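K.L.:
Have a look at this one.
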């Protein structure tokens with residue numbers, strides 16, 4: 001079991017997707033995303049396997065939650081810097097989003 005202290009180690013922030021494109025070299029269908037996480041964290045890149053329910057053009061401007069303090073991870077020729085959060089649902093991954101607009105960089109608390 002994870003402790004509450006383990007949970008507190010995660011730095012989860014709100015960000016806005018500013019770029020989304022098909023990740024051609026990924027083994028499983030995925031997009032490469034650029035996310036604006038506010039002035040303190042900046043713009044970060046990630047790979048996300050969310051192609052079943054989202055088109056790249058529909059992702060631009062969408063706010064998401066992302067873990068920003070995991071180490072970067074190499075995926076093919078791409079360095080993923082954050083982990084976007086979503087649920088594994090019947091039709092595919094559904095992104096976790098704030099239900100009202102939030103400031104980029106706001107911390108989950």
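K.L.:
Given points 7 Å out from each Cα along the Cα-Cβ axis, report the residue 25 to residue 3 separation in nanometres with one decimal.
P.N.:
It works out to 4.1 nm between the two label points.
K.L.:
Which of the three applies to region 68-109, rounded, prolate or oblate, going by the alpha-carbon gyration tensor with a ≥ b ≥ c and a/c under 1.5 meaning rounded?
P.N.:
Here region 68-109 falls in the oblate category.
K.L.:
Evaluate Rg over Rh across region 1-40, taking Cα atoms for both radii and Kirkwood's formula for Rh.
P.N.:
Result for region 1-40 is an Rg/Rh of 1.16.
K.L.:
Relative contact order, percent, of the chain when contacts are C-alpha pairs under 8 Å separated by at least 6 residues?
P.N.:
Reported as a whole number, the value is 31 percent.
K.L.:
Continuing with this model, one more query. Each label point is 7 Å from the Cα along the Cα-to-Cβ direction; what then is the distance between the points at residue 88 and residue 103, in nm?
P.N.:
With each label placed 7 Å out from Cα toward Cβ, I get 3.6 nm.
K.L.:
What residues of region 52-67 lie in the reach of a label at residue 96, counting those whose backbone N is under 17 Å from a point 7 Å from the Cα along Cα→Cβ?
P.N.:
It comes to 63-67, nothing else.
K.L.:
Roughly what % of Cα-Cα distances in the chain sit above 20 Å, to the whole percent?
P.N.:
39
No value in this document is a laboratory result; all are computed from the given coordinates. Since we're looking at a predicted model, the values are computed, not measured. With ideal geometry, Cβ positions are generated from the backbone for all residues, glycine too; neighbour counts draw on all protein chains shown.
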